[in-house]
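Visitor: One structure is given below, represented as structure tokens, and several questions about it will come after.
The values are calculated or read from the model by the stated rules, or taken from the named source; none is laboratory data. Bear in mind the structure is a predicted one, so any value in this text is a computation, not a measurement. FYI the Cβ positions are ideal-geometry reconstructions off the backbone, even for glycines, and counts take in every protein chain you see.
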Amino acid sequence: MTELTRILQLARTDFSYFFRTKWLMAVLLSLHLSDMLVVGLVYNGLMQFNYFQFFVPAVIVMGVFMAALDTGRRIWLALREGVIQYYLSLPISNRGVVLAYLLAGGLSSMIYSGSLLLVALVVLPAHAVWNALVLLPFLLILAMGLAGIAASLAALASTHGEYFFAYQQIVQVLLLTISTVYYPKNIIEKYLPAAAVTIAQANPLSIAAEALRNFAFAGNPIEPTILGNLVLASIPFALLGAFAYSRALHSLQVKGKL
């Protein structure tokens, strides 16, 4: 059995846990749908532009984000409950374990956000369905990057007590607030300093939301530069998570504990 086969088997095992928390996913899905159909419509009457059309793609990106963060919860539980120790006893490298979790996290996010995308296509028909399909592999890269953030938080929390969910909330607030997910660039420019606006534009969540708005729902031709920026903004998160998680696994092997 090759290393790749073992990685895929481990990814499939972790991916299956996503479906075992179906009630949690159902609750989160209902919350995102309420955001899409209630908050978007209510705020649409308060804005001077079509906020509903602006907000629906944002909900899809938030779905990618939330499902990817759930990867961190599974890693954190696995570290606490001894599951990782079992994985380390298998004939698979540390890098293989890390890659398997990132891959499973990315796939889980795509399943979750795909459900939101199907609803979005009903309430806000896409002008270019093909563009939406083309964007999916790039959203997978984003999901793996966000799963990397979750993995790094899980590795950090494993050595600092019961702080994982606090870390998760902090990252969630920072990434969603300093972005163009909720509000367009011309609005945040009025209230945030120039440096924060630049960070918001470079935020992979912002890039993904803008790509969905412009290419899928507005029907504009896909710009390779935007897709390249999405990949470049997502990969560092995946690398950071892979490094932090690998260090946690190495410490576990050497010390026998975190």
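Visitor: Could we say that Val38 is at negative phi, buried (at least 19 other Cβ atoms within 10 Å of the Cβ), assigned to a helix (DSSP H, G or I) and not hydroxyl-bearing (Ser, Thr, Tyr) here?
Guide: no
Visitor: Then there's this: Of the residues that sit in the stretch 152-162 and are surrounded by 15 or more Cβ atoms within 10 Å (Cβ to Cβ) and either in contact with a helix residue (DSSP H, G or I) (Cβ under 6 Å, 6 or more places away or on another chain) or among the β-branched types (Val, Ile, Thr) (or both), which one is modelled with the lowest pLDDT?
Guide: Per the stated criteria, the residue is Ser158.
Visitor: Among the residues in the stretch 83-90, are any outside any helix (DSSP H, G or I), touching a residue at least 60 places away in the same chain (Cβ under 8 Å), surrounded by fewer than 23 Cβ atoms within 10 Å (Cβ to Cβ) and of a type outside the set (D, E, K, R)?
Guide: yes
Each row is one residue, and each column tells you yes or no for (1) buried (at least 17 other Cβ atoms within 10 Å of the Cβ); (2) closer than 23 Å to Ala150 by Cα; (3) acidic (Asp, Glu).
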site: Arg213; (1), (2), (3): yes, no, no
site: Asn220; (1), (2), (3): no, no, no
site: Pro224; (1), (2), (3): no, no, no
site: Ser234; (1), (2), (3): yes, yes, no
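Visitor: If a residue must be part of a helix (DSSP H, G or I) and surrounded by fewer than 20 Cβ atoms within 10 Å (Cβ to Cβ), how many such residues does the stretch 1-14 contain?
Guide: Number satisfying all stated conditions: 8.
Visitor: What is the residue count in the stretch 174-202 for residues that are outside any helix (DSSP H, G or I) and touching a residue at least 12 places away in the same chain (Cβ under 8 Å)?
Guide: Summing the residues that are outside any helix (DSSP H, G or I) and touching a residue at least 12 places away in the same chain (Cβ under 8 Å) in the stretch 174-202 gives 7.
Visitor: Give the stretch 1-32 a look and list any residue that's under 19 Å from the mean Cα position of the chain (by Cα), at pLDDT 75 or above and over 16 Å from Leu69 (Cβ atoms), or say none.
Guide: Those that are under 19 Å from the mean Cα position of the chain (by Cα), at pLDDT 75 or above and over 16 Å from Leu69 (Cβ atoms): Ala11, Arg12, Ser16, Ser30.
Visitor: Are any residues in the stretch 9-65 of a type in the set (Lys, Arg) and touching a helix residue (DSSP H, G or I) at 6+ places or on another chain (Cβ under 9 Å), and if so, which ones?
Guide: Arg12 - this is the single residue of the stretch 9-65 that is of a type in the set (Lys, Arg) and touching a helix residue (DSSP H, G or I) at 6+ places or on another chain (Cβ under 9 Å).
Visitor: Please pick out the residue among Val119, Val123, Val97, Val129 that is of a type in the set (Val, Ile, Thr), within 18 Å of Glu210 (Cα to Cα) and more than 12 Å from the chain's Cα centre (by Cα).
Guide: Result of the check over Val119, Val123, Val97, Val129: Val129.
Visitor: Residue under question is Ile141, and the condition is that it be under 15 Å from the mean Cα position of the chain (by Cα) and surrounded by 15 or more Cβ atoms within 10 Å (Cβ to Cβ); does it hold?
Guide: yes
Visitor: If the requirement is being in a helix (DSSP H, G or I) and under 16 Å from the mean Cα position of the chain (by Cα), which of these qualifies: Leu156, Leu205?
Guide: Leu205
So that you can scan it fast, the table gives a plain yes or no per residue for (1) under 13 Å from Phe138 (Cβ atoms); (2) at pLDDT 85 or above; (3) touching a helix residue (DSSP H, G or I) at 6+ places or on another chain (Cβ under 6 Å):
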{"position": "Gly219", "(1), (2), (3)": "no, no, no"}
{"position": "Glu223", "(1), (2), (3)": "yes, yes, no"}
{"position": "Gly228", "(1), (2), (3)": "yes, yes, no"}
{"position": "Leu232", "(1), (2), (3)": "yes, yes, no"}
{"position": "Tyr245", "(1), (2), (3)": "no, no, yes"}
{"position": "Ala248", "(1), (2), (3)": "no, no, yes"}
{"position": "Lys255", "(1), (2), (3)": "no, no, no"}
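Visitor: From the list Phe54, Phe65, which one is in contact (Cβ under 8 Å) with a residue 24 or more places away in the chain, touching a Pro at 6+ places or on another chain (Cβ under 8 Å) and closer than 27 Å to Ile207 by Cα?
Guide: Phe54
Visitor: Then there's this: Just give me the residues in the stretch 208-245 being touching a residue at least 40 places away in the same chain (Cβ under 8 Å) and β-branched (Val, Ile, Thr), in sequence order.
Guide: Ile222, Val231, Ile235
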